[in-house]
Amino acid sequence: MKQFLTILALCTLGITTMQAQKVNETVEIESAGAWYPGKILKAEGDKYFITYEGWSDSFDEWVTVDRLRNFKTAATPAPSSPLTKFNVGDKVEVEYGMVPEPATVIEVGENKYHIKYDNTLFKDKWVTEKEITKL
């Protein structure tokens with residue numbers, strides 16, 4: 001019975017891992033202790049070339065499965081200290097290159113904010129609190 005449960009647990013783990021290994025699948029990627037939405041572009045063996053949603057292609061990178069989790073089933077834990085400095089709809093200023101640009105907070109995440117630049121030429125992106133100034 002013990003051996004059966006061990007095999008069942010390993011099979012379940014394998015299925016969970018396989019779910020986050022498909023090309024073009026939307027996943028969450030761990031980076032510097034936070035989880036970011038993204039997509040798998042390529043898979044080679046146990047490495048995956050990913051792109052972060054809303055970030056420049058220059059941030060695309062190869063990662064291992066331990067930095068991925070399935071986007072649909074990922075349970076996002078509550079932040080240990082909630083972000084209250086900025087709220088959805090707040091008008092803010094965020095640097096684009098080295099130039100401050102007006103933007104709007106469109107989502108509050110775990111230790112980060114999803115902003116939309118007022119200038120439609122710039123892509124939406126996730127930023128940390130220290131990258132934002134309130135207008």
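Counted as qualifying within region 1-86 are the strands (runs of 3 or more DSSP E) with 1 or more residues that are at pLDDT 85 or above and aromatic (F, W, Y), namely 34-44, 47-52, 61-64. Filter region 119-135 for residues that are assigned to a loop (DSSP other than H, G, I, E, B) and free of Cβ contacts under 8 Å to residues at least 60 places away in the same chain; which is surrounded by the most Cβ atoms within 10 Å (Cβ to Cβ)? Checking each candidate, the answer is F122. Pairs are defined by a Cβ separation below 6 Å, a sequence spacing of at least 6 or placement on different chains, a first member in region 31-54 that is under 14 Å from W126 (Cα atoms), and a second member that is modelled with pLDDT under 85; the pairs so defined are A34/E110; A34/N111.
For region 96-118, how many residues meet the condition of being at pLDDT below 85 and loosely packed, with under 13 Cβ neighbours inside 10 Å?
Counting residues in region 96-118 that are at pLDDT below 85 and loosely packed, with under 13 Cβ neighbours inside 10 Å gives 2.
The values are calculated or read from the model by the stated rules, or taken from the named source; none is laboratory data. Remember, it's a predicted structure, so these values are computed and weren't measured experimentally. All Cβ positions, even for glycine, are placed from backbone atoms using ideal geometry, and neighbour counts span all protein chains on display.
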